[in-house]
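The values are calculated or read from the model by the stated rules, or taken from the named source; none is laboratory data. Quantities reported herein were computed from a predicted structural model and do not represent experimental measurements. Here Cβ is always computed from backbone atoms with ideal geometry, including for glycine, and neighbour counts include all displayed protein chains.
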Amino acid sequence: MVQRPRRLRGSYLMRSMVRETRVSADSLIYPMFVTEGEDVKEEIRSMPGQFRYSIDRMDEMLQELGAAGVSAVMLFGIPAHKDEAGSGAYDENGIVQRALRHAKKNHPGMLFVADLCMCEYTSHGHCGIISGEEVDNDATLPYLQKIAVSQAQAGADVIAPSDMMDGRVAAIRAALDEAGFSHIPIMAYSAKFASSFYGPFRDAADSAPGFGDRKSYQMDFHNGREAEKEILLDVEEGADIVMVKPAMSYGDLIRAAKEITHVPVAAYSVSGEYAMVKAAAAAGFIDEEKIMCEMAVAAYRAGADIYITYFAKELAVCMREGKIG
Ligand code: PBG
């Protein structure tokens, strides 16, 4: 026998030496929910171990993340007030804007990404402006521009549009440039699918649509080539980083994004992925830490340069302790 692949698997040292995928905590982003009020740290029912924090309680989590080696955080705001136009999303004193100012001041060594979407802020729960029963793409763009500028003004280091309107990356880029933020990168949720894996997030952010669903703007998960089209369009429009979301069941598209572009690729392991791991682990059916590591490595192996995950802190520790490679 000439070929014996097992030769390279004989010992831990041998396996470590020939590993194709090496990961580091620098590439992690932790998604964090910020809510109105004081002294709030409220656990999200469907996401055990994840919380909604009031601004005055953010610091403890940010410190823990920093200590674990996670230096990038993506902020989601949960406003007290919602309206048709999602005006809380571009209010200079909105929840995310205040959270950004606070976080930037107290944690200057961390990178803050602002998720840019309207669904947490609209009374109807859709990601844009409604006309009739439709989400009006072009009427939504000026709002996205306003939100992006207000987030940049509040100190966001990266703007991450997750709305899936057509043409939004170009529109946001133009608005940021005009407002003096040409140095602020856009991380576009490029291949974002209409996915049932977002269920727990909508619980967390109270952002489920009041009528209908998001299938007229988020992608149909049967389509891979169309995802490539979305990715290429976003790069053409000026996206600095493209994202595939969810991560776990979409490895083919993480790989595609890596192959067809020359920009960093982010993969977002979403709320439903986290919730499933937590629930199965709580039932004693799986080993939480090992599954968490395996899922992360799979995303990196597929081509992710950046991994967005609710497990960021725990993963960073595993990376440091060499449990993941
Ligand atoms: C906002 C947004 C959503 C998620 C990220 N940004 C929800 C949605 O599109 O319904 C989902 C993240 C997760 O499930 O962890 N549009």
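When A312 is tested against (1) under 18 Å from V113 (Cα atoms); (2) within 14 Å of the ligand (Cβ to nearest atom); (3) of a type in the set (G, A, S); (4) surrounded by fewer than 20 Cβ atoms within 10 Å (Cβ to Cβ), just one condition goes unmet, and that condition is (4).
Annotation: A67 fulfils all but one of (1) in contact with a strand residue (DSSP E or B) (Cβ under 7 Å, 6 or more places away or on another chain); (2) without any contact (Cβ under 8 Å) to a residue 12 or more places away in the chain; (3) not polar (S, T, N, Q); the unmet one is (1). If only residues of region 292-325 that are in a helix (DSSP H, G or I) and over 24 Å from A257 (Cβ atoms) are counted, the one that is modelled with the lowest pLDDT is R320.
When you check A160 against the structure, is it buried (at least 19 other Cβ atoms within 10 Å of the Cβ), near the ligand (Cβ under 10 Å from one of its atoms), aliphatic (A, V, I, L, M) and farther than 22 Å from E84 by Cβ, yes or no?
When the stated conditions are applied, A160 passes them.
Can you find even one residue in region 153-164 that is assigned to a strand (DSSP E or B), modelled with pLDDT under 95 and among the β-branched types (V, I, T)? No, region 153-164 contains no residue that is assigned to a strand (DSSP E or B), modelled with pLDDT under 95 and among the β-branched types (V, I, T). Being free of Cβ contacts under 8 Å to residues at least 12 places away in the same chain and of a type in the set (A, V, I, L, M) is a description that does not apply to A25. Under the condition of being among the β-branched types (V, I, T) and in contact (Cβ under 8 Å) with a residue 60 or more places away in the chain, which residue from region 267-300 is farthest from the ligand (Cβ to nearest atom)? Result: V297.
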